[in-house]
Amino acid sequence: MTKNIIFVLFLLVILVLAACNIVEGQQEESIDDDSSVQEENRLGESIENYEARILKVDTDLEKEHVWHFVPEGINTMTISADVENVETILFWITETGTGTWAERTLIGYDIDGSDGWFITWEFGDRIFLDHITIQALGNDGATQATEYLNLRSRSTVETDGE
């Protein structure tokens, strides 16, 4: 009888130890799962860090509120952009209004940012009421960023009347 009791106690101890081992294995598995999720998150964050970004866009023109003004007699302008993770920048002009993107015109591009990202555009005697779109194409081949400038001609009558 004592042998049976010892045998049953021995089996109970083995069952308890086996149950503890299973719980420990599941906890380790869940810890491993969390670390792989964290690894995936880290990879996701690093991909985000490589997205094309436009930090700042500027011109050599006078700016008031949201408009960049082209004074009478000026026929060139420089548009520059501070960017990250960019391979090419396209500079487009579109008329103001809705649905004008299909009628855009490429006014320049820059594929070498070693000297800064910019174009100098000679536009002649054009009269402006337009948008300039700066489109940065990411060096990852998949992302792009876009910023806009509002452009308007300013006549000497406007500046004298102010």
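If only one of 125, 140, 115, 82 is charged (D, E, K, R), open to solvent by 80 Å² or more (accessible area, probe 1.4 Å) and touching a residue at least 40 places away in the same chain (Cβ under 8 Å), which one is it?
125
Do we find that residue 78 is assigned to a strand (DSSP E or B), closer than 23 Å to residue 125 by Cα and in contact with a His (Cβ under 8 Å, 6 or more places away or on another chain) in this structure?
no
Does any residue of region 124-141 turn out to be modelled with pLDDT of 95 or more, under 21 Å from the mean Cα position of the chain (by Cα), assigned to a loop (DSSP other than H, G, I, E, B) and not acidic (Asp, Glu)?
Scanning region 124-141, I find no residue that is modelled with pLDDT of 95 or more, under 21 Å from the mean Cα position of the chain (by Cα), assigned to a loop (DSSP other than H, G, I, E, B) and not acidic (Asp, Glu), so the answer is no.
Taking region 57-67, which residues are in a strand (DSSP E or B) and more than 19 Å from residue 90 (Cα to Cα)?
Once the filter is applied, which keeps residues that are in a strand (DSSP E or B) and more than 19 Å from residue 90 (Cα to Cα), region 57-67 yields 62, 63, 64, 67.
When you go through 94, 146, 120, 98 one by one, which is the residue that is open to solvent by 40 Å² or more (accessible area, probe 1.4 Å) and under 24 Å from the mean Cα position of the chain (by Cα)?
Criteria check complete, one pass: 146.
So, in region 54-79, exactly how many residues are open to solvent by 90 Å² or more (accessible area, probe 1.4 Å) and either in contact with a Pro (Cβ under 6 Å, 6 or more places away or on another chain) or within 12 Å of residue 145 (Cβ to Cβ) (or both)?
2
The values are calculated or read from the model by the stated rules, or taken from the named source; none is laboratory data. Owing to the predicted nature of the structure, the values given are computational and were not obtained by experimental measurement. Neighbour counts are summed over all protein chains in view; Cβ atoms, including those assigned to glycine, are modelled from backbone coordinates with ideal geometry. Keep in mind that these areas ignore ligands, DNA and RNA; they rest on the heavy atoms of the full protein, side chains included. Shrake-Rupley method; radii C 1.70, N 1.55, O 1.52, S 1.80 Å.
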